[in-house]
């Protein structure tokens, strides 16, 4: 599932700035 | 001792809520009731004021898609959920309308990040299976965002742009179909939800309960999620008894709202999926695409 949700996965693994989003 | 632990959990979640969500209910209600003195929000009630509103506010640029028009973006409040922007060949008014929906998406993506950070602060959440963390957020985040819209709304409109702008319900209803259909169900829900008179500390616990729903499709290991939710439910029940001693059955009434919420999210996602099929050149923010794909 995490493969299909790469951004969500990234958000969970570390804090991502709005620009990276 | 058990009650003390539950109170400590409530305090912890309230602090996380204050840390990650910039516009609290307390602040929103102060703005809506005109208690902020000279800082009254700018009111958007028609296309002209929508255009003026864009210039009124100094807002951050949040780039998303490659071919987005590079214009100033209205950063929408917690509730930027309309999720669609349309293609070229528009007149000036249409372009303003489209920029607004683009801004809604950008704000929604930012709000998803805030909710993710809040979820990570729930004790035990980050120890769950990573796939299950993804599932809980995928299914919970829109429900959380809709609940967080309620404090920003009254029967006449909603705060957006972190409380700097008030957009009227009538204006949103005047947009062309299907955009005009997107917010009205949220207003109907929010007006009823607001009669429960939850405060920010109650909201923090309720949001955690929503996130920790053990019945989301595809969860691998339900038991630890249910155990975490049960603890937060106990904390919420105690919180409501202490914070609203005269409000009978508030805990039960609040839990019933979760059923209404699922229907609103289902309808919202179907509306977005319809938009994707019917609107030429419509792009969804990649994060919102991830969340909505195969959702309901």
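Starting from the 7 Å offset along Cα-to-Cβ, what nm value, one decimal, do you get for the label separation of residue B:220 and residue B:43?
With each label point 7 Å from Cα toward Cβ, the separation is 5.4 nm.
Take the Cβ-Cβ distance between residue B:230 and residue A:6 as r, set R0 to 30 Å, and report the resulting FRET efficiency rounded to the nearest 0.05.
So the FRET efficiency works out to roughly 0.40.
Given points 7 Å out from each Cα along the Cα-Cβ axis, report the residue B:168 to residue B:55 separation in nanometres with one decimal.
Here the answer is 2.1 nm between the modelled labels.
Name the shape class, rounded, prolate or oblate, that the alpha-carbon gyration tensor gives for region B:239-296, where a ≥ b ≥ c are the square roots of its eigenvalues, rounded holds for a/c under 1.5, and otherwise prolate holds if a/b is larger than b/c and oblate otherwise. Walk me through the numbers on the way to the answer.
On the way: a/c = 4.38, a/b = 3.24, b/c = 1.35.
In terms of gyration-tensor shape, prolate.
Given 10 °C and 1.306 mPa s, compute D for region B:108-224 with the Stokes-Einstein relation, Rh being the Kirkwood radius over Cα pairs; round to the nearest whole µm²/s. Display every interim value, and only then the final one.
Details: Rh = 15.7 Å.
The estimated diffusion coefficient comes to 101 µm²/s.
When B:180, B:104 are ordered from fewest to most other Cβ atoms inside 10 Å of their Cβ, what list results? Walk me through the numbers before you get to the answer.
Numbers: B:180 13, B:104 28.
Sorted ascending by nearby Cβ count, the order is B:180, B:104.
Using a Förster radius of 30 Å, what is the FRET efficiency between residue B:197 and residue B:282 based on their Cβ-Cβ separation? Nearest 0.05, please.
On the way: r = 39 Å, r/R0 = 1.29.
That gives a FRET efficiency of 0.20.
Where does each of B:106, B:247, B:190 land when they are ranked from fewest to most other beta-carbon atoms within 10 angstrom?
B:247, B:190, B:106
Determine, from the Cβ-Cβ distance of residue B:246 and residue B:36 and an R0 of 25 Å, the FRET efficiency 1/(1 + (r/R0)^6), rounded to the nearest 0.05.
Working: r = 29 Å, r/R0 = 1.15.
Plugging the Cβ-Cβ distance into 1/(1 + (r/R0)^6) gives 0.30.
What translational D, rounded to a whole number of µm²/s, comes out for region B:182-296 from Stokes-Einstein when the hydrodynamic radius is the Kirkwood one over Cα pairs, at 25 °C and 0.890 mPa s? Show your work: numbers first, answer last.
Details: Rh = 16.3 Å.
The diffusion coefficient I find is 150 µm²/s.
At a 10 Å Cβ-Cβ cut-off, how would you order B:244, B:102, fewest neighbours first?
Working: B:244 16, B:102 26.
Least to most surrounded, the residues fall as B:244, B:102.
FYI, it's all coordinate maths here, none of it is from the lab. Just so it is clear, the model here is predicted, and its values are computed rather than measured. Positions of Cβ are backbone-derived with ideal geometry, glycine not excepted, and every protein chain shown enters the neighbour counts.
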